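K.L.:
First the structure, then my questions, so here it is.
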Amino acid sequence: MQRLLRGAHIIDPATGFDAVADLAIADGRILARGQIPAAFVAEEVLDGAGLVACPGLVEMALQAHTPGHGRDGDLASELCAAVAGGVVHVALSPATDPCADTAGVIHQQRAIAAALGLAKVYPTGALTRQLAGEALSEMAALQEAGAVAFSQGRRAVSNGALLRLALAYAADFALPVLLHSEDALLAADGVMHEGALSARLGLAGRTAIAEQVGVLRDLAIAQLVDCPVHISHLSTMAALDGVQAARQRHQRVTTDVSIHHLLLTEQDVGLFNIHAKTLPPLRPAGERDALRQALAQGHIDAISSDHCPWGVDRMGQTFAQAPFGIAAVELLLPLTLRLVDEGVVDLATAIALLTTGPARVLGLPTPSLAPGAAADLCIFDADRYFMVDPRQLVSRGKNQPYGQWELRGQVRYTLVDGYLVYRA
């Protein structure tokens with residue numbers, strides 16, 4: 001189908017294009033940008049006046065619970081949530097049931113995603129069997145089945161010798177390795193940041209030092225075997241300083257920060273708010289502000305929603321019992337625009353952190369709106385304000401702490417290969 005997007009503000013970080021222009025789409029690709037061929041006849045015209053068009057967003061760590069029991073959501077529900085948020089490219093967490101440590105699970109995820117025809121899905125294979133950190137997965141089989149990266153989800157590999165072996169093998173496959181870096185013994189069973197607030201609430205604390213020690217150890221092992229790694233969802237400046245030191249010695253390492261750690265603090269736990277329970281835990285305001293400064297300075301490669309939905313049957317659990325995770329993929333764009341409003345980054349940089357940055361980490365083709373590129377678009381009204389009502393969100397998970405936040409940036413259209421998969 002041939003479509004014309006007329007008069008939108010097009011922001012394309014890959015090419016630096018930032019202007020109001022028309023965009024012609026044909027056969028699933030961008031045919032022209034700016035000057036439209038006279039012979040082009042659109043079957044549908046989308047009025048882009050007052051709207052912003054950018055490449056479809058990339059989510060690095062979406063938990064869709066497929067395979068799984070379905071009560072917390074599945075690929076169908078969570079991909080619908082993703083495209084409602086302008087997210088076109090989705091890397092799946094391997095932490096499913098059973099986990100993605102066999103080729104069969106990867107094939108199943110890809111087949112279901114293809115049948116749904118929503119976002120483009122990229123499974124990540126488990127680095128170790130059952131994510132237990134005790135034995136290597138069949139990496140070759142996972143890559144052959146279509147895994148784009150190896151990951152441990154939210155679990156660290158405690159056995160340093162096994163991690164060394166895993167990274168040595170992974171380096172041969174030339175796929176990204178996404179690590180949750182944390183010293184498990186130091187982290188213990190902590191459920192929130194260790195500090196005065198955790199003590200006052202009587203909750204087991206999770207020390208920030210566990211992340212710093214884990215990052216330094218993982219980077220040292222990666223350097224030993226010359227394996228590029230990605231450190232996922234950093235939450236402390238001490239850990240990021242370790243990443244910066246590795247980069248200064250020319251080690252190949254990238255990192256991302258979840259949007260939650262850029263907006264929230266441990267104070268959002270309040271009086272046992274289970275919707276603010278995430279891993280890594282929310283940190284003090286000083287850590288959040290330092291991460292924001294690092295983001296502004298270009299030291300962070302990507303922003304993720306770290307989407308992890310849990311069903312309503314979890315709502316009666318205590319804070320200690322509740323699982324870690326926040327469901328926010330469809331709010332990723334407006335939450336990131338909050339950083340723009342607060343002067344942390346400009347709009348073009350924010351979009352880059354949601355598109356070209358995560359794509360580069362995952363080794364995916366660079367999202368772009370240049371002629372010839374796949375017509376994967378997020379088109380949103382940057383001036384449309386709305387009040388977050390978790391009951392109205394598409395995701396089956398309602399576990400997010402942003403209820404009653406006023407945000408801006410409502411997605412109007414999402415296109416995948418030129419097909420309109422979401423229209424507000």
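K.L.:
Just to be sure I understand: with springs between alpha-carbon atoms less than 10 Å apart, which residue in A26, A290, A188 has the highest mean-square fluctuation in the Gaussian network model of the chain?
P.N.:
Taking springs between Cα atoms under 10 Å, the residue moving most is A188.
K.L.:
Over what distance in Å are the Cα centres of the range 350-424 and the range 215-259 separated?
P.N.:
So the two Cα centres are separated by 28 Å.
K.L.:
Let me ask something else about it. Please give the peptides 338-344, 363-369, 53-59, 267-273 ranked by average Cβ packing (other Cβ atoms within 10 Å per residue), highest first, as a rough proxy for protection.
P.N.:
53-59, 363-369, 338-344, 267-273
K.L.:
Working with all protein chains in place, sort H69, H275 by solvent-accessible area computed with a 1.4 Å probe, largest first.
P.N.:
From most accessible down to least: H69, H275.
K.L.:
Additional query: Which percent of the accessible area of the range 262-376 is formed by carbon and sulfur heavy atoms (probe 1.4 angstrom)? Walk me through the intermediate numbers first.
P.N.:
Details: 1960 of 3710 Å².
That fraction is 53 percent.
K.L.:
Let me ask another. Of P280, L203, I300, which is farthest towards the positive pole of the chain's charge dipole, taken about the Cα centre with +1 and -1 on the beta-carbons of Lys, Arg and Asp, Glu respectively?
P.N.:
L203
K.L.:
In what sequence, largest accessible area first, do D256, D241 appear using a 1.4 Å probe?
P.N.:
Result of the area sort, largest leading: D241, D256.
K.L.:
Among A145, V257, L186, which residue has its Cα furthest toward the positive end of the charge dipole of the chain, with +1 on Lys/Arg Cβ and -1 on Asp/Glu Cβ?
P.N.:
L186
K.L.:
Nearest 20 debye, what's the magnitude of the dipole of the range 280-369 about its Cα centre given +1 on Lys and Arg Cβ and -1 on Asp and Glu Cβ? Intermediate results must be reported in sequence, preceding the final value.
P.N.:
On the way: 6 positive and 9 negative charges, 28 e Å.
Here the range 280-369 has a charge dipole of around 140 debye.
K.L.:
Can you give the angle from 0 to 90° between the axis of helix 332-341 and the longest principal axis of the chain, with both taken from C-alpha atoms, to the nearest 10?
P.N.:
90
K.L.:
What residue among L224, L142, L337 shows peak mean-square fluctuation when the chain is described by a Gaussian network model with Cα springs under 10 Å?
P.N.:
Maximum among the listed residues: L224.
K.L.:
Under the definition of Cα pairs under 8 Å and six or more residues apart, what whole-number percent is the relative contact order of the range 1-116?
P.N.:
On the way: 185 pairs, mean separation 26.2, N = 116.
It rounds to 23 percent for the range 1-116.
K.L.:
Want the number for A171 to Q248: 0.36 nm per residue separation, take away the alpha-carbon distance, what's left?
P.N.:
Working: separation 77, 0.36 × 77 = 27.72 nm, distance 2.08 nm.
The span from A171 to Q248 would gain 25.6 nm if fully extended.
K.L.:
Taking the Cβ of D313 as the center, what net charge do the other residues with Cβ under 9 Å away carry, scoring Lys and Arg +1 and Asp and Glu -1?
P.N.:
Details: positive: R71, R314; negative: D72.
Taking every Cβ under 9 Å from that of D313, the sum is +1.
K.L.:
Now for a separate question. Which value does Rg/Rh take for the range 1-57 over its C-alpha atoms, Rh per Kirkwood?
P.N.:
Rg divided by Rh gives 0.94.
K.L.:
Okay, next question. With +1 on each Lys and Arg Cβ and -1 on each Asp and Glu Cβ, how big is the dipole of the chain about its Cα centre, in debye rounded to the nearest 20? Working shown, then result.
P.N.:
Values: 31 positive and 43 negative charges, 35 e Å.
Result for the chain is approximately 160 debye, rounded to the nearest 20.
K.L.:
Solvent-accessible area per residue for the chain at a 1.4 Å probe radius, Å²?
P.N.:
That works out to 38 Å² for each residue.
K.L.:
Oh, and also: Go through R252, R412, R360 and list them by solvent-accessible area, largest first, probe radius 1.4 Å.
P.N.:
The ranking, largest first, comes out as R360, R252, R412.
K.L.:
How far is helix 208-225 tilted off the main Cα axis of the chain, in degrees rounded to 10, range 0 to 90?
P.N.:
80
K.L.:
Residue separation times 0.36 nm, minus the C-alpha to C-alpha distance between D18 and F40: what's the value?
P.N.:
5.6 nm
K.L.:
Taking the Cα centre of the range 274-318 as origin, work out the dipole magnitude from +1 charges on Lys and Arg Cβ and -1 charges on Asp and Glu Cβ, in debye rounded to 20.
P.N.:
In debye, rounded to 20, the range 274-318 gives about 120.
K.L.:
Work out the P(r) tail for the range 96-164: percent of alpha carbon pairs separated by more than 16 Å, whole number.
P.N.:
Value for the range 96-164: 45 percent of Cα pairs lie more than 16 Å apart.
K.L.:
Something else: Can you give the Rg to Rh ratio of the range 1-134, both from alpha-carbon atoms, with Rh computed by the Kirkwood formula?
P.N.:
Rg/Rh: 1.11.
K.L.:
Kindly state, to the nearest 0.05, the FRET efficiency for A161 paired with D313, given R0 = 51 Å and r defined as their beta-carbon distance.
P.N.:
With R0 = 51 Å, the Cβ-Cβ based efficiency is 0.80.
K.L.:
On full extension of the chain, what length is gained from Q267 through D381, given 0.36 nm per residue of separation minus the C-alpha to C-alpha distance?
P.N.:
Separation in residues times 0.36 nm, less the Cα-Cα distance, equals 37.9 nm.
K.L.:
Give the relative contact order (percent, whole number) for the chain; include only Cα pairs under 8 Å separated by 6+ residues.
P.N.:
For the chain, the relative contact order is 20 percent.
K.L.:
While we're here: Given 10 Å bins starting at zero, what is the percent of C-alpha pairs of the range 288-424 in each, up to the one with the largest pair distance?
P.N.:
P(r) for the range 288-424, in whole percents per bin: 11, 34, 37, 17, 2, 0.
K.L.:
How far apart, in nm, are the 7 Å Cα→Cβ label points at A204 and W405?
P.N.:
Result for the modelled spin labels: 2.8 nm.
K.L.:
Work out the FRET efficiency for F324 and H107 from their Cβ-Cβ distance, taking R0 = 25 Å, and round it to the nearest 0.05.
P.N.:
0.35
K.L.:
Choose one answer from V388, V87, V41: the residue with the largest mean-square fluctuation in a GNM of the chain with alpha-carbon springs under 10 Å.
P.N.:
Judging by the Gaussian network model, the answer is V41.
K.L.:
Over the range 204-307, calculate the relative contact order: mean separation of alpha carbon pairs under 8 Å at least 6 apart, over the residue count, as a percent.
P.N.:
29
K.L.:
For labels at Q2 and Q130 in the simple 7 Å Cα→Cβ model, what's the distance in nm?
P.N.:
For the pair Q2/Q130, the computed spacing is 5.8 nm.
K.L.:
Continuing with this model, one more query. Once label points are set 7 Å from the Cα along Cα→Cβ at both A296 and R391, what is their separation, rounded to one decimal in nm?
P.N.:
Modelled inter-label distance: 3.9 nm.
The values are calculated or read from the model by the stated rules, or taken from the named source; none is laboratory data. All values reported here derive from a predicted model rather than from experimental measurement. Every residue, glycine as well, gets a Cβ built from its backbone with ideal geometry; the counts of neighbours run over all protein chains shown. Only protein heavy atoms, including side chains, enter the accessible area calculation; ligands, DNA and RNA are left aside. Shrake-Rupley method; radii C 1.70, N 1.55, O 1.52, S 1.80 Å.
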